[in-house]
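> Below you'll find the structure I mean.
The values are calculated or read from the model by the stated rules, or taken from the named source; none is laboratory data. Here the structure is a predicted model, which means the values were calculated and not measured. Because the Cβ atoms are built from the backbone with ideal geometry, glycine has one as well, and the counts that use them run over all protein chains shown. Calculation scope for accessible area: heavy atoms of the full protein, side chains included, ligands and nucleic acids excluded. Shrake-Rupley method; radii C 1.70, N 1.55, O 1.52, S 1.80 Å.
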Amino acid sequence: MCGIIGAIHMKGNVAPLLRKSLKRLEYRGYDSSGIATAANGVIFIKKDKGKIDEIHQQINFDTLPGSIGIGHTRWATHGPPSKLNAHPHTDCYDRIAVVHNGIIENYQELRQILLEGGHQFRSQTDTEVIPHLIEDALNHTSRLENAVARVLPKLEGSYAIVVLEAKGNELVCARKESPLVIGLGQRGIYCASDVPAFLPMTRKTIVLEDNELVHLTANGALLTRLDENGSPTRLPLRIPTEVQWTIDMAQKGGYPHFMLKEIHEQPTAIRDTLRMKKSDFENFADVLHNHKKVITVAAGTSYHATLAAKYMFSQISNFLVHDVIASEGTDTVASSLGEDTAVLAVTQSGETVDTLHAVKHLKKQGSTVLAITNTVGSSITRMADHVVYTQAGPEIGVAATKTFATQLATLASLSTYLGVLTGAQTIKEKNELLAALNQFPELIEIIIRNQENAIKDASQEYITRSNFFFLGRGISTATALEGALKIKEIAYVHAEGYPAGESKHGPIALVEPGFPIVFVAPNDKTRRHLEGNVMEMKARGAQIISICSAQDTTLINLSDHAISLPPLPSILFSPICYVVPLQLLAYYAAILRGHNPDQPRNLAKAVTVL
Ligand code: M6R
C-alpha cells in the first residue's frame, strides 16, 4: 500500500501542495517519498528514503518548478526503501515519470523483455517497467493517453498510476484493483489514492472504477473505459460527489477507527499477499523440507499465526514443526538446535526484539533463518537468509488484524507447496487447495457484510462481563487464543484462550452460571468432540457464544448466541475466516466500554524491549 497524488495547479508552483498532500497520505506508507514536476519541457525529481518531513528538511521539495506534478509515499514491496527505489520512476530519457500503488505480478518477464530491447533500469521495483513500456508505446502514438492505454493490458496485477510527461501540460491516471479518486477544484485538478490528499483544496470527488483511465488537463478531466485488449471507449464524466469528511475521517476511509478500517481491508490484503511470486513459496518450502528440524519463532498475534501453521503443516504437508514463543526461544530449545535447523520467524513489524533476539541466537548456532514479515527493510530482513513479504500495507491500529490475516494466508499457501515436496499433496491437490484459498477474501467480505451488526449486538449483551473463555480444538485453538488476545488488549476484558479439550483439566472450575464462553467451532474433524466440551460448560450454567457454520444447526440450537459463517471451500484454512467475528467482537467491546481501540494502554505497535 502506497499513497500517490497527481496535481495540476492553475497558478504557481505545485510542489508545496504535493508535499503537503503526501504528508496527509503518510498513513498509507512512509518509508520513502518523492515528487516529480514538469516545467519548460523538463522533468524535475526529488526523492529519497525516509518520511516526507525528514526528506524535505534535507532537500527542500518546494523548490521544484512547474505547476504540474506527481508524488508518492512508499510502503516498500519490491526492493528495500532507498533513494533509487523511491518513486517517481522514469523511462530511459527522463521524458516520462510514473508513480504507482499496487503490485505488477509479471514485472520480471516485462523487465527481461525491456532489457533485451535496450532499456536501462535504475531500481529494483516492479513499477519501473511502466515508464519504459510507455516510452516504447510513444513510438507508436504521440498522445500520452493512447500510449498509457496500450501499456495497461500488458500489466498483470494491481495498479493505480499517475503518469507525467516532460511536455508538462497533462497527466494520465488509471486504476485496476488499487484505489484512485479524482478531485475537481476551483484552483486545481487532482488525482490521488485517497481523498485526504486533496481535501483542503476540494471536496468534489469522482471515484474511479477498475479499468478506467482519466486524462487530466487544466481544462478538466476526460474519462475512458478500457476493455481487456485496451480498446478505449470515452465515457461522460460522472457527476462529482461532495465529500463531507474531515481529514481525520478521510484518512480512516470514513471508519471511526483504523482498526475497523483494517478489519475491512482484510480481503484486499489477502488478495495482494496471494499475488506474491510462486517461486518465493517454492523456495521457502524447499528450505524447510531440506532441514532435519524446523521451528517457528514469533510473538503475540504472529505467534498465533505460527500455531495455526503448525496444524496446517501437519494436516496439509504431513510435516512437523515445533512452535516457539520468541521470548522463550533461546531458553527452551536453542541448545538442541544448530545447522540442521530451519527457523521460520514470523513478525509483521520485523522489529520485535524478542523475535530478533531469538533469531540472532539461533543464527549464531548455524541455523538457517526464513522470515515472513510485512515490512521491507526491517531488521529481520537483514538477519534472514530468505524472506517472504505479506502485503497488508501499513497497519496503524496497535491490534494486529489484517497482518494476521496475511500471515495466515502466506503460511496456508506455504503448506500446500510443502505438501507437494513431502508427497502429502499431488500438484493437482495443491492447486485445488490454492484455488480454495483464493476464495477466502470474498468469504470474509460476506462474513463482515452479514454478521457485523449481529456481532455488535452480541458485544452489547456481554459488555458488562469481566471474564471470558475462548475455546477451540485443533487449529481453532490458535483462533481462540487470538480472539482472547484481541479482547484483552483493546477492551481490557480478562479473557483466557484455551484448547477446549484441555479446559476440563482445570479452567472449568471457574465456570458458574452466566459465565460467557466463546466456542470457535468450524465444521472440521474436531467438531464432534467439541460438542462434548460445549455440553460440559452448559451443564455448569455457562452462556455459550459459538462461531460456527450456518449449517451447524445442532450447535446453533445449543448456543445462547451463534455467529454463523458460510461453508468454507477448505476447512483446513478456517482461522482466516473464523478470526474475523472475534476481531469485530473485540472492537465493539472496546467501543462500548469507552476505549480507543487504535491506541490501547501500555502497548506499542512494535515491542522493542526484551
Ligand atoms: O510485529 P510483530 O508481529 O513481531 O509483533 C508481535 C506482537 O507484538 C504483536 O502481534 C502484538 O501481540 C499485537 N499487538 C497483537 O494485536
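> Only one of (1) under 18 Å from Y311 (Cα atoms); (2) under 22 Å from the mean Cα position of the chain (by Cα); (3) of a type in the set (G, A, S) is not met by A399, so which one is it?
(1)
> Just for the range 288-301: of the residues that are open to solvent by less than 40 Å² (accessible area, probe 1.4 Å) and in a strand (DSSP E or B), which one is nearest to V359 (Cα to Cα)?
V297
> Determine whether the range 516-526 contains at least one residue that is part of a loop (DSSP other than H, G, I, E, B) and within 16 Å of the ligand (Cβ to nearest atom).
no
> Now, a different point. Tell me which residues, restricted to the range 98-123, are under 19 Å from D210 (Cβ atoms) and touching a His at 6+ places or on another chain (Cβ under 6 Å).
Within the range 98-123, V98, V99 meet the criteria.
> Would you point out which residue out of T422, T477 is in the same structural domain as R527 (by TED's automatic domain parsing) and in contact (Cβ under 8 Å) with a residue 12 or more places away in the chain?
Of the residues listed, the single one that is in the same structural domain as R527 (by TED's automatic domain parsing) and in contact (Cβ under 8 Å) with a residue 12 or more places away in the chain is T477.
> Sticking with this one: State the number of residues belonging to the range 393-415 that are more than 17 Å from A345 (Cβ to Cβ) and either within 13 Å of the ligand (Cβ to nearest atom) or in a loop (DSSP other than H, G, I, E, B) (or both).
Looking only at that region, the number is 10.
> Moving to a separate point now. Please count how many residues of the range 555-588 are free of Cβ contacts under 8 Å to residues at least 40 places away in the same chain and surrounded by fewer than 20 Cβ atoms within 10 Å (Cβ to Cβ).
4
> Is it true that K176 is open to solvent by 10 Å² or more (accessible area, probe 1.4 Å), over 20 Å from I161 (Cβ atoms) and not acidic (D, E)?
no
> Out of the residues in the range 589-610 meeting the condition of being away from the ligand (no atom under 16 Å from the Cβ) and assigned to a helix (DSSP H, G or I), tell me which one is surrounded by the fewest Cβ atoms within 10 Å (Cβ to Cβ).
Going through the qualifying residues, I end up with L592.
> May I pose another question? With (1) more than 16 Å from R24 (Cβ to Cβ); (2) in contact (Cβ under 8 Å) with a residue 60 or more places away in the chain; (3) open to solvent by 10 Å² or more (accessible area, probe 1.4 Å) as the list, and L213 as the residue in question, which single condition is left unmet?
The number of the failed condition is (3).
> When residues of the range 109-126 are filtered for being within 26 Å of the chain's Cα centre (by Cα) and without any contact (Cβ under 8 Å) to a residue 40 or more places away in the chain, how many remain?
Final tally of qualifying residues: 2.
Matching residues to (1) away from the ligand (no atom under 16 Å from the Cβ); (2) in contact (Cβ under 8 Å) with a residue 60 or more places away in the chain; (3) touching a Lys or Arg at 6+ places or on another chain (Cβ under 9 Å):
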residue: T233; (1), (2), (3): yes, no, yes
residue: I239; (1), (2), (3): yes, no, no
residue: W245; (1), (2), (3): yes, no, yes
residue: F258; (1), (2), (3): no, yes, yes
residue: E265; (1), (2), (3): no, yes, yes
residue: M276; (1), (2), (3): yes, yes, no
residue: D280; (1), (2), (3): yes, yes, no
residue: H291; (1), (2), (3): yes, yes, no
residue: G300; (1), (2), (3): no, yes, no
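> Tell me yes or no: at least one residue of the range 368-381 is within 12 Å of the ligand (Cβ to nearest atom) and open to solvent by 10 Å² or more (accessible area, probe 1.4 Å).
yes
> Among the helices (runs of 4 or more DSSP H) contained in the range 93-188, which hold 1 or more residues that are among the aromatic types (F, W, Y) and more than 28 Å from K11 (Cβ to Cβ)?
Answer list for the range 93-188: 107-116.
> Tally time: how many residues in the range 328-363 are open to solvent by less than 60 Å² (accessible area, probe 1.4 Å) and of a type in the set (S, T, Y)?
Count: 6.
> Hey, another quick one. Out of A309, A250, A269, I need the residue that is in a helix (DSSP H, G or I), of a type in the set (G, A, S), touching a strand residue (DSSP E or B) at 6+ places or on another chain (Cβ under 8 Å) and crowded, with 17+ Cβ neighbours inside 10 Å. Which one?
That would be A309, the only listed residue that is in a helix (DSSP H, G or I), of a type in the set (G, A, S), touching a strand residue (DSSP E or B) at 6+ places or on another chain (Cβ under 8 Å) and crowded, with 17+ Cβ neighbours inside 10 Å.
> Residues that are open to solvent by less than 40 Å² (accessible area, probe 1.4 Å) and modelled with pLDDT under 95: does the range 36-49 have at least one?
no
> Taking H304, is it at pLDDT 95 or above, of a type outside the set (G, A, S), open to solvent by 10 Å² or more (accessible area, probe 1.4 Å) and in contact with a strand residue (DSSP E or B) (Cβ under 6 Å, 6 or more places away or on another chain)?
no
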